[in-house]
């Protein structure tokens, strides 16, 4: 597959951090007598935060929250996140990419230290030749820059490459960059509009990397 690469989103795609982080915030809201609506939380998925659950809860309470709650929230979040393993099919796709000599990268709207720390914990950091995260030069998705930069660093043809995403913001970014886009929604995004993706599957167990690359190649020659 000369000229092709595989670029994965991180949160919700490689690792289902989205559900755990939402759960922690929902627990905090519940402790204060309020419900954190999923529809509000979904506004942040796959992009930089546009909804601040801390400030919004303070607004609803009409008073500041105890700053000590930050430490409790982080402790609870760390507890949930350390129990997570990669989503179904991810490790198989990474192994297939290595066997096929297809370079692999990450394009994420999260900070690099967040992504790097989880990859190291999972023991898969060495599987990724390029990690592109949101910073002062790379805007958050749905801007396509992260995918464009990832493919450029991997020396790949975007039209013959495959992206994997879990959110509408991410799908828009990958499609906008010209990659063949596979959407793998999870509990928090399964009801969202992912129709812009080339294919939507429940997990990467439902599709092989070789099949996705073949579809990308076929599309690039149409």
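Within the range 205-222, the set of residues being touching a strand residue (DSSP E or B) at 6+ places or on another chain (Cβ under 7 Å) and either buried (at least 21 other Cβ atoms within 10 Å of the Cβ) or farther than 13 Å from residue 89 by Cα (or both) comprises 209, 212, 213, 215, 216, 219.
Is one or more of the residues making up the range 177-200 part of a helix (DSSP H, G or I), out of contact with any strand residue (DSSP E or B) (no Cβ under 7 Å at 6 or more places or on another chain) and surrounded by fewer than 18 Cβ atoms within 10 Å (Cβ to Cβ)? Checked the range 177-200: no residue is part of a helix (DSSP H, G or I), out of contact with any strand residue (DSSP E or B) (no Cβ under 7 Å at 6 or more places or on another chain) and surrounded by fewer than 18 Cβ atoms within 10 Å (Cβ to Cβ). Out of all the residues in the range 102-118, which are surrounded by fewer than 20 Cβ atoms within 10 Å (Cβ to Cβ) and either assigned to a helix (DSSP H, G or I) or modelled with pLDDT of 95 or more (or both)? Residues satisfying the conditions are 112, 113, 114, 116, 117.
Just one of the listed residues (121, 87, 125, 92) is surrounded by 13 or more Cβ atoms within 10 Å (Cβ to Cβ), closer than 18 Å to residue 6 by Cβ, touching a helix residue (DSSP H, G or I) at 6+ places or on another chain (Cβ under 9 Å) and without any contact (Cβ under 8 Å) to a residue 40 or more places away in the chain, namely 125.
Mind checking which residues of the range 25-76 are touching a residue at least 24 places away in the same chain (Cβ under 8 Å), closer than 26 Å to residue 169 by Cβ and either touching a strand residue (DSSP E or B) at 6+ places or on another chain (Cβ under 7 Å) or not in a helix (DSSP H, G or I) (or both)? Listed by number, the residues that qualify are 34, 45, 46, 47, 48.
Within the option set 130, 146, 117, being under 18 Å from residue 101 (Cα atoms) and assigned by TED's automatic domain parsing to the domain that holds residue 103 holds for one residue only, 130. Evaluating residue 3 against the criteria (1) surrounded by 13 or more Cβ atoms within 10 Å (Cβ to Cβ); (2) closer than 24 Å to residue 139 by Cα leaves one unmet condition, (2).
The values are calculated or read from the model by the stated rules, or taken from the named source; none is laboratory data. Quick caveat: nothing in here was measured; it's all calculated off a predicted structure. For neighbour counting, all protein chains shown are included, and Cβ atoms are generated from backbone atoms with ideal geometry for every residue, glycine included.
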